[in-house]
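Quick notes on the structure that follows.
The values are calculated or read from the model by the stated rules, or taken from the named source; none is laboratory data. If you're wondering where the values come from, they're calculated on a predicted model, not measured in any experiment. Here Cβ is always computed from backbone atoms with ideal geometry, including for glycine, and neighbour counts include all displayed protein chains.
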Amino acid sequence: MSTVSRKTMNRFIDCVLRVMAAKPFLYFHQTLSFPNPDFQRPMNDPKRAKETFNRFIKGVIKHYGRYDMAGLYVQERRHDGTYHFHVCFLFFSPNNLPYAPTRMYRDMKTDIFKRWKKLNAEIDKCSRGGNDLTEHQFNLDSAGYFCRAVIVADATVRKETNWFGIFNWHLVSNRSIAATRAEKKAVFDRFFVCEDKIDRLMREYNNQKLLKKADTEGDIPF
């Protein structure tokens, strides 16, 4: 579970809406997980995880940037305290792809996994199952997936690493305009949870437990 500020979330929502408006030709979603040999070396250091990711993404941008590819990433903290990443690879020109259209998914998947595997070789072998690339349409469901484990608070302590980031943003910004406040609020209300909402939901949950107990015991707790 990650906690981010409302300001950060508004920036993320703006990015999501602008990517949708820019209408990428292809969207690949890549999960990047770290190896954990014998479950004894979990990646629970966000700074070290980000350093490895930065080396990875710099190489990817250097190679694929010439092909009109932009994207964004999210650094996610699992319930067990380990970190992994979700990356969106967004291609905007069907006439400027790094591989033949019929081989695009297969060759992209092979190359990305190879790059991540090489960076983590000193730890252990990376699992293909935990480092999968899939093809999707980029829409609001994408935002909902990335933020399914996020709490938005009015104020947060500044972290060592950013929760999300973007690269080659000019490919998106040149094809879109900033989202309005109303548009961002509509997406926020649809997908994200604030601390005050969590308190309300917990009260409702506890009340339901009391009512269920009262129904079982034949007593009303109010």
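For the stretch 35-45, the count of residues that are at pLDDT below 90 and on the phi > 0 side of the Ramachandran plot is nonzero.
Applying the set (1) modelled with pLDDT of 90 or more; (2) surrounded by fewer than 16 Cβ atoms within 10 Å (Cβ to Cβ); (3) over 20 Å from Val187 (Cα atoms) to Gly65 leaves exactly one unmet item: (1). Just so you know, in the stretch 85-104 the residues that are of a type in the set (S, T, N, Q) and under 16 Å from Tyr27 (Cβ atoms) include one that is farthest from the chain's Cα centre (by Cα), and it is Asn96. Just to be sure, is Asp107 over 22 Å from the mean Cα position of the chain (by Cα), of a type in the set (Asp, Glu) and surrounded by fewer than 18 Cβ atoms within 10 Å (Cβ to Cβ)? Yes. With respect to Cys126, determine if the residue is over 28 Å from Asn139 (Cβ atoms), in the same structural domain as Ile151 (by TED's automatic domain parsing) and not in a helix (DSSP H, G or I). Against the criterion (over 28 Å from Asn139 (Cβ atoms), in the same structural domain as Ile151 (by TED's automatic domain parsing) and not in a helix (DSSP H, G or I)), Cys126 qualifies. Do the conditions hold for Thr8, that is, is it under 16 Å from Ala149 (Cβ atoms), of a type outside the set (Asp, Glu) and at pLDDT below 95? For Thr8, the condition - under 16 Å from Ala149 (Cβ atoms), of a type outside the set (Asp, Glu) and at pLDDT below 95 - is met. Scanning the stretch 15-28 finds no residues that are out of contact with any His (no Cβ under 9 Å at 6 or more places or on another chain) and farther than 18 Å from Val172 by Cα.
To keep it simple, each residue is scored yes or no on (1) free of Cβ contacts under 8 Å to residues at least 40 places away in the same chain; (2) surrounded by 16 or more Cβ atoms within 10 Å (Cβ to Cβ); (3) charged (D, E, K, R).
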position	(1), (2), (3)
Thr8	no, yes, no
Cys15	no, yes, no
Val19	no, yes, no
Lys23	no, no, yes
Leu26	no, yes, no
Phe34	no, yes, no
Met43	no, yes, no
Arg48	yes, no, yes
Arg55	no, no, yes
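Within the stretch 150-177, the set of residues being loosely packed, with under 13 Cβ neighbours inside 10 Å, modelled with pLDDT of 90 or more and assigned to a loop (DSSP other than H, G, I, E, B) comprises Asn174, Ile177.
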